[in-house]
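Contents: one structure, followed by commentary.
The values are calculated or read from the model by the stated rules, or taken from the named source; none is laboratory data. Predicted, not measured: the structure shown is a model, and the values here were computed from it. A quick note on method: Cβ atoms are made from the backbone with ideal geometry, for glycine too, and the neighbour counts reach across all protein chains shown. The area values use the complete protein model at the heavy-atom level, side chains included, leaving out ligands, DNA and RNA. Shrake-Rupley method; radii C 1.70, N 1.55, O 1.52, S 1.80 Å.
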Amino acid sequence: MAKAEKSTKNNTAVRTHDSQRQAEKASGGEITNGTVKAAESGNNEAEKETFIYIGPTIRAGALKTNAMMIGTKDEVKNYLGDILEDIPQAERLLVTADRLADSKKRVKEKGTLLNKYYNEVSSLDHEKRRNK
């Protein structure tokens, strides 16, 4: 995909901190259960969720630990398309804001699924970098 197309797609599909601030203003400063009302394009009816990536930084910083994305699950997956194509387990490490605290604990606990995904993502990223 051309850089201009990707830039446009990235700017419209998923908004990060600026959109969260706009959404907070539009909703009177309250965000509940990790959802925010969309405060862009005049479409205040669509609900977006806040997703946080709790996995290791991968693809030389293309996706960093604690990266926050606001959008629908499909928009976030589309935004991360190339990364998720290479390392599909990274999708399992996208959690909603309301599950963040519990998920961060579980990702560190040996034997949990989140810990397994974290280790797989780390290994796959390391392997792909080594093979390039």
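Structural remarks
- Sum of side-chain charges, ILE87 neighbourhood, beta-carbon under 12 Å (Lys, Arg +1; Asp, Glu -1): -3
- With R₀ set to 35 Å, the beta-carbon distance separating LYS110 from THR57 gives a calculated FRET efficiency near 0.95.
- Share of carbon and sulfur in the accessible heavy-atom surface of the range 65-123 [1.4 Å probe, %]: 45
- Extension gain for ASN119-ARG99 works out to 5.2 nm (0.36 nm per residue, less the C-alpha to C-alpha distance).
- Counted residue by residue at 0.36 nm each, then reduced by the alpha carbon distance between them, the extension gain from ASN66 to HIS126 reaches 19.7 nm.
- Share of pairwise Cα separations in the range 63-132, more than 16 Å, in percent: 50
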